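Q: There's a structure below that I have some questions on.
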């Protein structure tokens, strides 16, 4: 056999072929675009790590290296859980992005809100005009100017005085009678049980109550099961959330979004116009709308504030009632304890109308509501902005202290959920445990968050805590505090006591979901709501 005369260089040689890169315009444009995106990505990382004025504030690495990571949490409605994890891992002050920090330190929050009274940030401009119509008529919720807010609040505050609120109980009693009729009519066949979406029922109650007490109108949502206003309100909250979460997407231009504005304004305007006609004919009512009209506010300011009081005065309380019922059904021992307390206070039986005078004296009812507001505040955070460079002391996860510096113009999220569930402040921070509030040291709810300012030169730091406590009032802000605390907190407390007490006292109540499963953390769409339908069975008690 003839030998092969092939050397190694010939065997493994590769033909030389000129490398030809695509030269089409589309390829060149795509290449440039990719290069720009990569350069932007790298520059963002370099800025956050080495150049940002907030570079010394700890930040979760995924927010730096994974594009749109924080946005994904926000759009999913679960950002409050991500922030909670960040604070537990990184400390009481963390960085969320280039110009925003989150704070869950009780000392720092009180200093910022009570002493410095830092302003609301641009978030409230968007909230005041989510559809970008150009109408940014001020109201108590969205006003950023401190002096204008103070003046407007002084005009509206008589509508929420203890004296005025004391006269609203009969109207709520009438609405609760409609609740009883609704439960009776919802019974299936010959069954004694009625199946209801308790969240929908509570929203119907609170909308009817605020409409009747604030505007002298009954929408009969409980009786009829729905109302255009309530249907539109849910859509307004959802689309407002989407517009604020994705401001670059042009969502506000969608026809279904633009149509929402008219529906909300029409109802409130009809209330105002009818009241003006009544006033012209010599008829007056002692309610919130009348107080607004008597203050000679402009029609636009009257409408804006009436609208926000209508929305906030119904949705917030309904959410809290829903969460309270959910927690009680997840914890049947607490439910039974509350029912026994109500039975002892009203021994005449389940048909006995409950009175606020007595309900206010019931410690466990109060404890259940406080614990609900601790675990599920209406909003997980309050947003502000600082107008000067600040240096202050904050806390590491291990309890050690460090210095934090945030420059002027930084947005600050006052993270109430993190404050309420801080394991350094609270025993069993994630558990629904109403008994924690039964200590004699716990102050009355009227004093929550209201701490008198210290004398000039006096040390303003709260007493250092060496271990978690059952209750830590300085770390509790369900209604905020300071000059911008919730003007309707006493209104809400009356409604929470009356409605929750009525349901628990009058009805056997059972969940239509597996209450032995894990507790849901909810979904934040402007407000913190349950992320599934809270379906329950109600049956009138016979003892």
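Q: Can you give me the ranges of the helices (runs of 4 or more DSSP H) entirely in segment 281-366 with at least 2 residues that are at pLDDT 95 or above and under 30 Å from residue 270 (Cβ atoms)?
A: On the way: elements: 288-294, 299-330, 332-345, 356-359.
Output list reads 299-330.
Q: List the number of the failed condition for residue 507; all other conditions in (1) in contact with a helix residue (DSSP H, G or I) (Cβ under 9 Å, 6 or more places away or on another chain); (2) modelled with pLDDT of 95 or more; (3) closer than 19 Å to residue 319 by Cα; (4) buried (at least 17 other Cβ atoms within 10 Å of the Cβ) hold.
A: Evaluating residue 507 over (1) in contact with a helix residue (DSSP H, G or I) (Cβ under 9 Å, 6 or more places away or on another chain); (2) modelled with pLDDT of 95 or more; (3) closer than 19 Å to residue 319 by Cα; (4) buried (at least 17 other Cβ atoms within 10 Å of the Cβ) leaves (3) as the failure.
Q: Which number in (1) modelled with pLDDT under 85; (2) not in a helix (DSSP H, G or I) marks the one condition that residue 432 misses?
A: (1)
Q: Still on this structure, please answer the following. Name every residue in segment 484-521 that is under 30 Å from residue 117 (Cβ atoms) and in contact with a strand residue (DSSP E or B) (Cβ under 9 Å, 6 or more places away or on another chain), in order of residue number.
A: If we filter segment 484-521 for residues that are under 30 Å from residue 117 (Cβ atoms), which is where we start, we get 484-496.
If the condition is that a residue be under 30 Å from residue 117 (Cβ atoms) and in contact with a strand residue (DSSP E or B) (Cβ under 9 Å, 6 or more places away or on another chain), then 484 is the only one that fits.
Q: Any residue that is within 23 Å of residue 167 (Cα to Cα) and surrounded by fewer than 20 Cβ atoms within 10 Å (Cβ to Cβ) - is there at least one of those in segment 329-345? Let's see the steps before the verdict.
A: Keep residues of segment 329-345 that are within 23 Å of residue 167 (Cα to Cα), which gives 342, 345.
Right, trim to surrounded by fewer than 20 Cβ atoms within 10 Å (Cβ to Cβ) and you get 345.
Taking every residue of segment 329-345 in turn, at least one turns out to be within 23 Å of residue 167 (Cα to Cα) and surrounded by fewer than 20 Cβ atoms within 10 Å (Cβ to Cβ).
Q: Further, regarding this structure: Would you point out which residue out of 379, 443 is surrounded by fewer than 21 Cβ atoms within 10 Å (Cβ to Cβ), at pLDDT below 95 and under 22 Å from the mean Cα position of the chain (by Cα)? First the steps, then the outcome.
A: Numbers: 443 fails: under 22 Å from the mean Cα position of the chain (by Cα).
One residue alone meets the criteria, 379.
Q: Would you mention how many residues in segment 375-418 are within 14 Å of residue 87 (Cβ to Cβ) and part of a loop (DSSP other than H, G, I, E, B)?
A: 5
Q: Out of all the residues in segment 291-302, which are free of Cβ contacts under 8 Å to residues at least 40 places away in the same chain and under 21 Å from residue 162 (Cα atoms)?
A: 293, 294
The values are calculated or read from the model by the stated rules, or taken from the named source; none is laboratory data. Every value quoted in this text rests on a predicted model; they were computed, and no experiment measured them. No Cβ is skipped: glycine too gets one built from the backbone with ideal geometry, and neighbour counts run over all protein chains shown.
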